[in-house]
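Here is the structure we will look at, set down as structure tokens.
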Amino acid sequence: MTALGLLVPGEAAEDDYPRLEQLLGSDVRIDLIRADPAGDPPERLAARTEELRLAGADSVVWASTTAAVAAGWEGAHGQVRMLARAAGLPASSTAFGFVHAARELAVSRVAVVTAHGDAAFTEFLRAGGVRVVCTAPLGEDLAASVHPAAHEDAQALFLPDTSLRTVAQLTALERRLGKPVLSAHQVAAWEALRLTDRRVNAPELGVLFTREPVVQV
């Protein structure tokens, strides 16, 4: 059994995670601990991370894309180091997961759809070698919001918002767009698996979960 420890911001569309766990298979478990990305001081986040270790997690991922991106490239590295020290486990964040997943898929140009301002995420991706070629605001209808991904220069679509319930729509979106679609919850789980050197073939979770080998960075 591989246990993935996710430190999640509030109740960020948590009902996506049981479906993720089901699609990953019976030998993968997802452990969730809630945290407040705006109000929790570093020592509080460290304590919450310790709870994941005690629950038996094999890796830890800080699943607030916004909080990691707001810290900047170097600041986000500092967050990850703090979590790794607190848990005594390999650690990362969803924000870095997007960068690592892009490398896994050999993607360097992406479209981004988000309800938040895209400037900070765009800069974060740029620091990781990924260029955002077009962006669009997230509307009430996800399927209607993804039109920027049709941009001929975009090799993939990124959906970084943790408030989005996307797991059930990933494969349909990929078929419609003809390119990979990466969402926050999907990427958080993939990044947690990457930290454990596990590979899970789960086509219903999109192209990201059908490739070999696991990227090493």
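The values are calculated or read from the model by the stated rules, or taken from the named source; none is laboratory data. All values reported here derive from a predicted model rather than from experimental measurement. Positions of Cβ are backbone-derived with ideal geometry, glycine not excepted, and every protein chain shown enters the neighbour counts.
For Ala111, work out the one condition from (1) in the same structural domain as Ser59 (by TED's automatic domain parsing); (2) in contact with a His (Cβ under 8 Å, 6 or more places away or on another chain) it doesn't fulfil.
(1)
Could you list, in sequence order, the residues of the range 84-103 that are touching a Leu at 6+ places or on another chain (Cβ under 7 Å) and more than 15 Å from Ala127 (Cα to Cα)?
Ala87, Pro90, Ala91, Ser92 - these are the residues of the range 84-103 that are touching a Leu at 6+ places or on another chain (Cβ under 7 Å) and more than 15 Å from Ala127 (Cα to Cα).
Would it be correct to say that Leu195 is assigned by TED's automatic domain parsing to the domain that holds Ala70, crowded, with 18+ Cβ neighbours inside 10 Å and at pLDDT 95 or above?
yes
Taking Gly129, is it small (Gly, Ala, Ser), more than 28 Å from Ile33 (Cβ to Cβ) and within 18 Å of the chain's Cα centre (by Cα)?
Yes; evaluated as a whole, the condition is true for this residue.
Here are some residues: Gly206, Gly178. Which one is surrounded by 14 or more Cβ atoms within 10 Å (Cβ to Cβ) and on the phi > 0 side of the Ramachandran plot?
Going through Gly206, Gly178 in turn, just one is surrounded by 14 or more Cβ atoms within 10 Å (Cβ to Cβ) and on the phi > 0 side of the Ramachandran plot: Gly206.
Working carefully through the options Arg103, Arg126, find the one that is free of Cβ contacts under 8 Å to residues at least 24 places away in the same chain, outside the structural domain of Glu191 (by TED's automatic domain parsing) and not hydrophobic (A, V, I, L, M, F, W, C).
Selected residue: Arg126, the only one of Arg103, Arg126 that is free of Cβ contacts under 8 Å to residues at least 24 places away in the same chain, outside the structural domain of Glu191 (by TED's automatic domain parsing) and not hydrophobic (A, V, I, L, M, F, W, C).
In contact (Cβ under 8 Å) with a residue 24 or more places away in the chain, out of contact with any Pro (no Cβ under 9 Å at 6 or more places or on another chain) and in the same structural domain as Thr49 (by TED's automatic domain parsing): does that describe Arg85?
So Arg85 fits the description; yes.
Among the listed residues Ser64, Ser145, Ser163, which satisfies the condition of being on the phi < 0 side of the Ramachandran plot and either among the aliphatic types (A, V, I, L, M) or assigned by TED's automatic domain parsing to the domain that holds Ala192 (or both)?
Selected residue: Ser64, the only one of Ser64, Ser145, Ser163 that is on the phi < 0 side of the Ramachandran plot and either among the aliphatic types (A, V, I, L, M) or assigned by TED's automatic domain parsing to the domain that holds Ala192 (or both).
When the residues of the range 88-100 are filtered to those that are touching a residue at least 60 places away in the same chain (Cβ under 8 Å) and more than 15 Å from the chain's Cα centre (by Cα), which remaining residue is farthest from Thr65 (Cα to Cα)?
Among those that are touching a residue at least 60 places away in the same chain (Cβ under 8 Å) and more than 15 Å from the chain's Cα centre (by Cα), it is Leu89.
How about the range 19-33: which of its residues are under 16 Å from the mean Cα position of the chain (by Cα) and under 20 Å from Arg53 (Cα atoms)?
Of everything in the range 19-33, those that are under 16 Å from the mean Cα position of the chain (by Cα) and under 20 Å from Arg53 (Cα atoms) turn out to be Glu21, Ile30, Asp31, Leu32, Ile33.
Can you pull out the helices (runs of 4 or more DSSP H) entirely within the range 21-119 that have at least 3 residues that are surrounded by 21 or more Cβ atoms within 10 Å (Cβ to Cβ) and at pLDDT 95 or above?
94-104
Could you tell me which of the residues Glu174, Glu191, Glu140, Glu152 is of a type in the set (Asp, Glu) and under 20 Å from Arg29 (Cβ atoms)?
Glu191
Those residues that are hydrophobic (A, V, I, L, M, F, W, C) and within 14 Å of Val99 (Cα to Cα), I need them from the range 154-168; list them, please.
If the condition is that a residue be hydrophobic (A, V, I, L, M, F, W, C) and within 14 Å of Val99 (Cα to Cα), then Ala156, Leu157, Phe158, Leu159 are the ones that fit.
For the range 127-217, please list each of the helices (runs of 4 or more DSSP H) lying entirely inside it that holds at least 2 residues being more than 30 Å from Ala84 (Cα to Cα) and not polar (S, T, N, Q).
So the answer is 142-145, 170-177.
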